[in-house]
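Engineer: My questions will all concern the structure given below.
The values are calculated or read from the model by the stated rules, or taken from the named source; none is laboratory data. From a predicted model like this one, the values you see are computed outputs, not experimental measurements. Cβ sites come from the backbone with ideal geometry, for glycine too, and all protein chains shown count toward neighbours. With ligands, DNA and RNA removed, areas are computed over all heavy atoms of the protein, side chains included. Shrake-Rupley method; radii C 1.70, N 1.55, O 1.52, S 1.80 Å.
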Amino acid sequence: MENLSSTLDPLHWVAINHASDAAEARRVGQKLAAQLGFNETRSGQLAIVITEAATNILKHAGDGRMQLSIVNHNGQRCIEALAFDQGPGIANLAQAMTDGVSSAGTAGTGLGAMRRLADEFDWYSAPGKGTVIFLRMWQRGAPARESLRPLRPQLGGVCLPLASETACGDAWAVLATPAGLTLMAADGLGHGPEAAKAAEAALTVLAAASPALAAEPAQLMQACHEALRPTRGAALAIATLDRDAGQLHFAGIGNIAASVVSDGPRRQMMSHNGIVGHNMRKVQDLQFPCAAGSTVILASDGIGTSWELSAYPGLLARAPAIIAAVLLRDFGRGRDDASVLVVRA
């Protein structure tokens, strides 16, 4: 659907440990560019920014990860690249963005090249807290400035399978409706292909939902319960954001952590025990205030719950995908599929 952003679109991970991994990331990016019909110039620009992001990891941290994906936003598709590491971080961001400045003895043009060539660019770094780089290149080229605001999505996510698996049992989706946004995070029972089928079945229900159904988390949860009966089942969190009312409606079953972060400490939303598709005894539609500028975070149990964004000065103002990457990098448990969805109201 034109108004659905989700992990149903292609998503790839590349571990960056060696110079050959930069070439692999570039190859994956070129495959995605071909899928979106990028011309030779756009494909070349994408190859440069991916190479620079991977090389930045190798030079400054030694190893890290990249997530490369096709994402739909408001009917226009794009390629997103997310690169992160646990290196020493960068103390002076503004200086590092200046061409000719490098702490690794290089020409110092990588970050500047990424910012110039990408349609959208953001990053986060702090001493001792590594670096995260986020890049977006639109299918039809950068939208005109006056049309960019309605297209630019204030959402982002990561979805990483267990190390021994290629299919991820976690999934997320965001559906734009006339009233606002509907968020969904699913964690299929266990891991591997069968867990992925359960999670994707829930996203398929959201993709086909009418605006009326999408606006009612408890009813949507019930529809997912029926659809997931042939699967092994899943934990599921559904939140609808009513922009005009400044309210968030939430229903959760299972162990997906849901939080609203604004000026103060995060506010956690309660889920009930059960498995959607098999053992779901109680569904409750809860309401929470969610003023403009608040950030909603849904995370599977592959992410630890001890995080506080206040420990990362300035992070809350960065692109949602960067927030998601930091939580995955620093709080991923490593023994299960892991996913984080971040949406800014």
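Engineer: May I ask you to list pairs of residues, at least six apart or on different chains, whose Cβ atoms are under 8 Å apart, with the first in region 319-337 being within 13 Å of Glu308 (Cα to Cα) and the second being in a helix (DSSP H, G or I)?
Structural biologist: Once the first residue is within 13 Å of Glu308 (Cα to Cα) and sits in region 319-337, its partners that are in a helix (DSSP H, G or I) give Ile323/Leu309; Ile323/Leu315; Ile323/Leu316; Val326/Leu315.
Engineer: Can you tell me which residue within region 1-39, out of those that are at pLDDT below 95 and of a type in the set (Asp, Glu), is surrounded by the most Cβ atoms within 10 Å (Cβ to Cβ)?
Structural biologist: Once the filter is applied, the top-ranked residue is Asp9.
Engineer: Given the criterion touching a Gly at 6+ places or on another chain (Cβ under 6 Å) and either of a type outside the set (Lys, Arg) or closer than 30 Å to Gly190 by Cβ (or both), identify the matching residue among Ala299, Ala321.
Structural biologist: Selected residue: Ala321, the only one of Ala299, Ala321 that is touching a Gly at 6+ places or on another chain (Cβ under 6 Å) and either of a type outside the set (Lys, Arg) or closer than 30 Å to Gly190 by Cβ (or both).
Engineer: Turning to a different aspect of this structure: Among the residues of region 276-290, is any open to solvent by 60 Å² or more (accessible area, probe 1.4 Å), in contact with a Phe, Trp or Tyr (Cβ under 8 Å, 6 or more places away or on another chain) and free of Cβ contacts under 8 Å to residues at least 24 places away in the same chain?
Structural biologist: No, there is no match, as no residue in region 276-290 is open to solvent by 60 Å² or more (accessible area, probe 1.4 Å), in contact with a Phe, Trp or Tyr (Cβ under 8 Å, 6 or more places away or on another chain) and free of Cβ contacts under 8 Å to residues at least 24 places away in the same chain.
Engineer: Still on this model: When you scan region 1-78 for strands (runs of 3 or more DSSP E) that lie fully inside it, which ones turn up with 3 or more residues that are farther than 30 Å from Ala208 by Cα and in contact (Cβ under 8 Å) with a residue 12 or more places away in the chain?
Structural biologist: Where strands (runs of 3 or more DSSP E) fall fully within region 1-78 and carry at least 3 residues being farther than 30 Å from Ala208 by Cα and in contact (Cβ under 8 Å) with a residue 12 or more places away in the chain, they are 11-16, 64-73.
Engineer: Of all helices (runs of 4 or more DSSP H) completely enclosed by region 179-274, which ones contain at least 1 residues that are farther than 21 Å from Asn3 by Cα, at pLDDT 95 or above and open to solvent by 10 Å² or more (accessible area, probe 1.4 Å)?
Structural biologist: By residue number, 193-208, 217-227.
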